[in-house]
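K.L.:
There's a structure below that I have some questions on.
Nothing in this text is a laboratory measurement; each read-out follows from the coordinates by a stated rule. Predicted model, so just to flag it, every value in this text is computed and none were measured. Positions of Cβ are generated from backbone atoms using ideal geometry, with glycine treated the same way; all protein chains shown enter the neighbour counts.
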Amino acid sequence: MLIDYADKELTQRYQLMAQTIIPRPIAWIVTQNKQGIINIAPFSYFMGLSSEPATMIVSIGHKSDGSEKDTLKNIKESGRCTICMVDEAHLNQMHFSSKELGEEESEATAFDIKTKEVVKGFPPMVQGVPSAFFCEFYQEIELKDSKTIPLVVEIKEQFIDDGILSDKEKITLDYEPVARVGKSYALLGKKIIPPTIK
Ligand SMILES: Cc1cc2nc3c(=O)[nH]c(=O)nc-3n(C[C@H](O)[C@H](O)[C@H](O)COP(=O)(O)O)c2cc1C
């Protein structure tokens, strides 16, 4: 079967890409608007981009009425976001937080998601997540003729829960993130160590 993307609707393309490009990491993004309302939402068009500068990219679409998603608006206005990594314990709350709410409503309140201030000047992180990145808005990428906005954010600080540090001196991490696979979720499972390349 060969699929011509020119014949496919946006949702069909999404279905195909989401089932094939797997697993996708999930950025559980915390932002704040001018009134200080905490917004939390998950995004899986998300990836590490470079270590110098330490950057990640996240693509954000629009709400059903065509307005900007709160996360996009807040990052552009405040220049800051906190990106949490999701473990199994937070899966349901993360999933619920994808519900489209008005900008005056906080997912933290609506879904009883506890947050914790860790780095001054940045949005709080979700309490209990294994790791979180405190980021500044770096650059917007233009996708010609698209309503999807890819944003590059720069990591300024990273929180790592002591419980996932298998070697504190070398800062070796060991944790099981939840990944997006199609419309479901998965844990990564079996690790494979490759042979040394000579
Ligand atoms: C696991 C998961 C991944 C998602 N990934 C994205 C994404 O990459 N881009 C996007 O625009 N929306 C994505 N969504 C939908 C947003 O989470 C949803 O539109 C949310 O309401 C946005 O909230 P906000 O308006 O508070 O920013 C995803 C939803 C789920 C459950």
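K.L.:
Would you mind getting me the FRET efficiency between LYS76 and GLU52? Use the beta-carbon distance for r and R0 = 30 Å, nearest 0.05. All intermediate terms of the calculation are to be shown ahead of the outcome.
P.N.:
Numbers: r = 24 Å, r/R0 = 0.81.
Once the sixth-power term is evaluated, E becomes 0.80.
K.L.:
Round to a whole angstrom and tell me the spacing of the C-alpha centers of the range 110-143 and the range 33-94.
P.N.:
Centre-to-centre distance over Cα atoms comes out at 8 Å.
K.L.:
For the residue pair GLN12 and THR172, what label-to-label distance in nm results when each label sits 7 Å from Cα along the Cα-to-beta-carbon direction?
P.N.:
Spacing of the two 7 Å Cα→Cβ label points: 4.9 nm.
K.L.:
Just flag the trypsin sites (Lys or Arg not before Pro) in the range 44-140 sitting in loop per DSSP whose Cβ has no more than 16 other Cβ atoms within 10 Å. Let's see the in-between values first.
P.N.:
Details: sites: LYS63, LYS69, LYS73, LYS76, ARG80, LYS99, LYS114, LYS116, LYS120; in loops: LYS63, LYS69, LYS99, LYS114, LYS120.
Sites meeting the loop and neighbour criteria: LYS63, LYS99, LYS114, LYS120.
K.L.:
Before anything else, pin down the relative contact order of the chain: Cα pairs under 8 Å, at least 6 apart, normalised by residue count, whole percent.
P.N.:
Taking the mean separation of contacting Cα pairs over the length of the chain, I get 23 percent.
K.L.:
Helix-derived [θ] at 222 nm for the chain: sum -39500 (n - 2.57) over DSSP H runs of at least 4, divide by residue count, nearest 500?
P.N.:
Rounded to the nearest 500, it is -4000 deg cm²/dmol.
K.L.:
Right, next: Dipole of the chain (Lys/Arg Cβ +1, Asp/Glu Cβ -1, origin at the Cα centre): which of PHE133, PRO53, CYS84 lies farthest to the positive side?
P.N.:
PRO53
K.L.:
Can you find, among VAL153, ASN39, TYR185, the residue sitting farthest towards the positive end of the charge dipole of the chain, where Lys and Arg contribute +1 and Asp and Glu -1 at Cβ?
P.N.:
So the residue furthest toward the plus end is TYR185.
K.L.:
Please give me the summed charge of the neighbours of VAL129: other residues whose Cβ is under 9 Å from its Cβ, Lys and Arg +1, Asp and Glu -1.
P.N.:
-2
K.L.:
How long are the three semi-axes of the equivalent ellipsoid of the range 11-187, in whole Å, if each is the root of 5 times an eigenvalue of the C-alpha gyration tensor, listed from largest down?
P.N.:
Taking √(5λ) for each Cα gyration eigenvalue gives 23, 20, 17 Å.
K.L.:
Work out the FRET efficiency for ASP162 and LYS114 from their Cβ-Cβ distance, taking R0 = 22 Å, and round it to the nearest 0.05.
P.N.:
Efficiency, rounded to the nearest 0.05: 0.75.
K.L.:
What net charge do the residues around ILE83 carry, taking every other residue with its C-beta under 12 Å from that of ILE83, with Lys and Arg at +1 and Asp and Glu at -1?
P.N.:
Residues near ILE83 contribute -1 overall.
K.L.:
Once the other residues with Cβ under 11 Å from the Cβ of TRP28 are scored (Lys, Arg +1; Asp, Glu -1), what is the net sum?
P.N.:
-2
K.L.:
Right, something else. How large is ³J(HN,Hα), in whole Hz, for each residue of the range 23-28 in order, when computed from phi with the Karplus curve 6.51 cos²θ - 1.76 cosθ + 1.60 and θ = phi - 60°, using x for Gly and Pro?
P.N.:
Whole-Hz 3J(HN,Hα) from phi for the range 23-28: x, 9, x, 10, 9, 9.
K.L.:
For THR196 and ASP4, compute 0.36 nm times the residue count separating them, minus their Cα-Cα distance, and round to one decimal in nm.
P.N.:
Result for the pair: 65.2 nm of gain on full extension.
K.L.:
In a Gaussian network model over the chain where Cα atoms closer than 10 Å are linked, find which of PRO53, PRO23, PRO123 has the largest mean-square fluctuation.
P.N.:
Result for the chain, Cα springs under 10 Å: PRO53 fluctuates most.
K.L.:
Subtract the Cα-Cα distance of ASP145 and VAL181 from 0.36 nm times their separation in residues, and report this length gain in nm to one decimal.
P.N.:
Stretched out fully, the ASP145 to VAL181 stretch lengthens by 10.2 nm.
K.L.:
Continuing with this model, one more query. Dipole size in debye (nearest 20) for the chain around its Cα centre, Lys and Arg Cβ +1, Asp and Glu Cβ -1?
P.N.:
Here the chain has a charge dipole of around 400 debye.
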